[in-house]
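Step one of this worksheet: look at the structure below.
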Amino acid sequence: MLPEKTREQFEKVIESQLARIQAMKDQGDFIDYSKLDKIIIGVCGGDGIGPMITGMGQHVLETLLADKVKAGKVEFRVIDGLTIERRAELGCAIPPDTMEELKACHVILKGPTTTPRKGDPWPNVESANVAMRKALDLFANVRPVKVPELGIDWTFYRENTEGGYAVGSQGVQVGDDLFIDFTVATSQGCERIARLAFDYAHKTGKNRVSCVTKANIIKTTDGKFLDTCQKVAAEYPDVVFDDWYIDIMTAKLIDDKRRRDFKVFVLPNLYGDIITDEAAEIQGGVGTAGSANIGKRYAMFEAIHGSAPRMVQEGRAQYADPSSVLRASVMLLEHIGEIELAKKLDRALDICMFEKKKYVITGRDTGATAQQFTDYVLETIASL
Ligand code: IPM
Ligand code: MG
């Protein structure tokens with residue numbers, strides 16, 4: 001017989017997901033930034049190397065948006081309550097007052113936050129990243145990766161609120177021997193990420209979308225994700241659609257003959273998490289890749305990597321690569337409609353990272369500091 005406690009846990013999980021479906025149904029359309037009097041940009045430094053590299057992103061954004069700030073059209077707000085020390089002390093993923101401050105912004109530039117794991121000195125609070133994605137319903141995690149000399153120009157649309165992450169901290173232990181986690185898909189969740197990926201492919205002319213699942217094994221949830229992508233694909237005759245399993249796609253990303261053919265990827269949360277680290281490594285390391293977390297009301301921009309506490313312990317924080325946050329800043333600018341500024345910053349980063357390479361970041365004193373690289377990016381922008 002199922003223990004009462006287990007039954008209650010299962011019920012709670014299902015109820016929370018049914019409530020989420022209702023919230024998705026009730027949600028309006030995407031916010032139109034052009035209609036706002038003022039856009040509020042929250043800046044959250046995070047932990048480890050976070051404050052260092054996020055500070056660089058803030059500096060570049062403040063420089064580029066100086067006129068808008070002066071005219072009262074843009075406001076920067078520093079939100080500093082999200083450190084691991086504070087989250088540990090209060091025993092929660094995001095302290096309630098910090099959540100209020102986040103919700104008063106439109107977009108957020110966020111540094112990596114430490115996610116406690118077994119054996120850490122911190123209590124096992126939920127990841128602040130995951131909590132923020134869920135609380136602000138940031139359902140699309142968009143991660144571009146490009147390596148011009150290899151002909152690689154990929155954009156990953158990672159579903160960001162469902163899959164193994166939806167109730168990742170609410171797994172169930174039954175007795176001493178049985179351990180169950182959940183993976184979740186909803187019709188609404190699959191459809192909104194699929195649509196965003198196809199819209200992007202259609203609008204940008206990157207006219208191929210590859211869906212990546214393990215639907216041959218994880219039949220119910222990945223099956224739903226794949227079915228939904230197939231259905232949405234039928235509405236986009238100008239976009240080529242294909243589907244792959246995650247294992248073979250992991251191999252294809254390092255197949256030089258095939259990988260340049262891929263353009264846009266759409267995939268469930270966990271596969272997206274894993275494969276975007278692989279893709280970033282091909283680009284030059286996880287420190288080079290930015291990430292946009294997009295929802296209808298809010299959006300958050302961050303590096304794809306963690307807080308690298310080891311770099312801080314070893315006194316190397318000043319050598320951390322800020323290009324992840326600067327790439328994220330490109331997406332922030334695009335998202336709020338500053339297309340020309342976004343293009344400038346993106347172009348400057350291409351020049352600094354791939355073409356001229358006057359300063360190279362190595363993560364140690366063998367390379368440039370984050371500050372030197374950032375100044376180099378700003379100089380390059382000024383010369384465009
Ligand atoms: C990412 C990170 C996060 C994730 C961690 C820090 C919770 O790996 O953004 O890819 O798993 O999504
Ligand atoms: Mg990851």
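Taking the conditions exactly as written (assigned to a helix (DSSP H, G or I), surrounded by 24 or more Cβ atoms within 10 Å (Cβ to Cβ) and either more than 16 Å from ligand 1 (Cβ to nearest atom) or among the hydroxyl-bearing types (Ser, Thr, Tyr) (or both)), does residue 329 satisfy them or not? For residue 329, the condition - assigned to a helix (DSSP H, G or I), surrounded by 24 or more Cβ atoms within 10 Å (Cβ to Cβ) and either more than 16 Å from ligand 1 (Cβ to nearest atom) or among the hydroxyl-bearing types (Ser, Thr, Tyr) (or both) - is met.
Residues of the stretch 298-317 include none that is open to solvent by 10 Å² or more (accessible area, probe 1.4 Å), under 16 Å from residue 60 (Cα atoms) and more than 11 Å from ligand 1 (Cβ to nearest atom).
Within the stretch 95-125, the set of residues being closer than 20 Å to residue 332 by Cβ and of a type in the set (Val, Ile, Thr) comprises 98, 107, 108, 113. For the stretch 268-297, the set of residues classified as open to solvent by 10 Å² or more (accessible area, probe 1.4 Å), modelled with pLDDT of 95 or more and not acidic (Asp, Glu) consists of 268, 270, 271, 274, 282, 294, 296, 297, listed by residue number.
For residue 320, the test of being away from ligand 2 (no atom under 13 Å from the Cβ) and more than 15 Å from the chain's Cα centre (by Cα) is passed. All of 245, 200, 236 fail the test of being more than 23 Å from the chain's Cα centre (by Cα), of a type in the set (Ser, Thr, Tyr) and away from ligand 1 (no atom under 16 Å from the Cβ), apart from 236. Among the residues of the stretch 169-182, those identified as out of contact with any Phe, Trp or Tyr (no Cβ under 9 Å at 6 or more places or on another chain) and open to solvent by 70 Å² or more (accessible area, probe 1.4 Å) are 169, 176, 177, 178, 179, 181. Does residue 251 qualify as being away from ligand 2 (no atom under 16 Å from the Cβ), not assigned by TED's automatic domain parsing to the domain that holds residue 223 and not acidic (Asp, Glu)? Criteria not met by residue 251. Return a yes/no flag: does the stretch 152-168 have any residue that is more than 30 Å from residue 207 (Cβ to Cβ) and open to solvent by 70 Å² or more (accessible area, probe 1.4 Å). Looking through the stretch 152-168, none of the residues is more than 30 Å from residue 207 (Cβ to Cβ) and open to solvent by 70 Å² or more (accessible area, probe 1.4 Å).
Within the stretch 152-182, being of a type outside the set (A, V, I, L, M), within 14 Å of residue 269 (Cβ to Cβ) and in contact (Cβ under 8 Å) with a residue 60 or more places away in the chain holds for 156, 157, 158, 159, 160, 161, 162, 163, 164, 165, 182.
Identify the single condition in (1) closer than 24 Å to residue 253 by Cα; (2) open to solvent by 50 Å² or more (accessible area, probe 1.4 Å); (3) touching a residue at least 12 places away in the same chain (Cβ under 8 Å); (4) in a loop (DSSP other than H, G, I, E, B) that residue 215 does not satisfy, given that it satisfies every other one. Condition (2) is where residue 215 drops out. Annotation for the stretch 21-41: at least one member residue is among the small types (Gly, Ala, Ser), out of contact with any Pro (no Cβ under 8 Å at 6 or more places or on another chain) and not in a loop (DSSP other than H, G, I, E, B). Looking at 74, 125, 69, which one is in contact with a Lys or Arg (Cβ under 6 Å, 6 or more places away or on another chain) and more than 16 Å from ligand 1 (Cβ to nearest atom)? One residue alone meets the criteria, 74.
Against the numbered list (1) touching a Ser or Thr at 6+ places or on another chain (Cβ under 7 Å); (2) within 16 Å of ligand 1 (Cβ to nearest atom), residue 279 comes up short only at (1).
Scanning the stretch 332-352 for residues that are open to solvent by less than 30 Å² (accessible area, probe 1.4 Å) and in contact (Cβ under 8 Å) with a residue 40 or more places away in the chain yields a count of 5.
The values are calculated or read from the model by the stated rules, or taken from the named source; none is laboratory data. Fair warning: this is a prediction, and the values are worked out from it, not measured in the lab. Quick reminder, even Gly has a Cβ in these numbers, built from the backbone with ideal geometry, and neighbours come from all protein chains shown. For the accessible areas, the whole protein counts, side chains as well, though only heavy atoms, and no ligand, DNA or RNA atoms are used. Shrake-Rupley method; radii C 1.70, N 1.55, O 1.52, S 1.80 Å.
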